[in-house]
Amino acid sequence: MSVRVERVYEAPDGGVRVLVDRLWPRGLKKEDAHLDRWAKEIAPSTELRQWFHGPQSEYGEFARRYRTELDAPQVQQELAELRELAQNGDLVLLTAVKEPSHSHVNVLLERLEQVD
């Protein structure tokens, strides 16, 4: 399985490019994004995202809550499709966050790499 994370603002470097943010990246025109897919349903819920950016947030708790959201049946189908893309070639998870290792993308990457 080949999965990597890139910021959506970077130039395309091969692979199937999937945006995994719920909101469209600020300042980026859709035609400039070079996306193959926008998987916003797999991103954290609006409520969780807002909580994480609030004063009481803590990354460990955010990751725990997001993992719970990833267990939802409607998200499982999206995870399965992303795993299939990764098994058939390079999968690039795109995000607009400045620090992907401290965001939902890191949790998502871990979940994708888990063997069911």
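The values are calculated or read from the model by the stated rules, or taken from the named source; none is laboratory data. Remember, predicted model here, so these are calculated numbers, not experimental data. A quick note on method: Cβ atoms are made from the backbone with ideal geometry, for glycine too, and the neighbour counts reach across all protein chains shown. SASA here: full protein model, heavy atoms, side chains in, ligands and nucleic acids out. Shrake-Rupley method; radii C 1.70, N 1.55, O 1.52, S 1.80 Å.
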Would you point out the residue of the range 1-19, among those that are among the charged types (D, E, K, R) and crowded, with 16+ Cβ neighbours inside 10 Å, that is farthest from Val107 (Cα to Cα)? Arg17
When the range 37-75 is examined, which residues are found to be over 29 Å from Val16 (Cα atoms) and either assigned to a helix (DSSP H, G or I) or in contact with an Asp or Glu (Cβ under 6 Å, 6 or more places away or on another chain) (or both)? Trp51, Gly60, Glu61
On the given criteria, is Leu28 out of contact with any helix residue (DSSP H, G or I) (no Cβ under 8 Å at 6 or more places or on another chain), part of a loop (DSSP other than H, G, I, E, B), within 14 Å of Thr95 (Cα to Cα) and in contact (Cβ under 8 Å) with a residue 60 or more places away in the chain? yes
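Could you go through the range 65-76 and let me know if any residue there is over 24 Å from Leu35 (Cβ atoms), in contact with a helix residue (DSSP H, G or I) (Cβ under 8 Å, 6 or more places away or on another chain) and not aliphatic (A, V, I, L, M).
Yes - at least one qualifying residue is present in the range 65-76.
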Hey, any hits in the range 7-19 for a residue that's touching a helix residue (DSSP H, G or I) at 6+ places or on another chain (Cβ under 9 Å), acidic (Asp, Glu) and touching a residue at least 60 places away in the same chain (Cβ under 8 Å)? no
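Looking at Ala72, Ala96, Ala86, which is the one that is among the aliphatic types (A, V, I, L, M), at negative phi and free of Cβ contacts under 8 Å to residues at least 12 places away in the same chain?
Ala72
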Could you list, in sequence order, the residues of the range 63-101 that are open to solvent by 80 Å² or more (accessible area, probe 1.4 Å) and out of contact with any strand residue (DSSP E or B) (no Cβ under 9 Å at 6 or more places or on another chain)? Arg64, Arg65, Arg67, Thr68, Asp71, Pro73, Gln74, Gln77, Glu84, Glu99
I'd like to check something: does the range 20-33 contain any residue that is on the phi > 0 side of the Ramachandran plot and surrounded by 13 or more Cβ atoms within 10 Å (Cβ to Cβ)? no
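Taking Arg37 as the residue in question, decide whether it is open to solvent by less than 90 Å² (accessible area, probe 1.4 Å) and touching a strand residue (DSSP E or B) at 6+ places or on another chain (Cβ under 7 Å).
Yes; evaluated as a whole, the condition is true for this residue.
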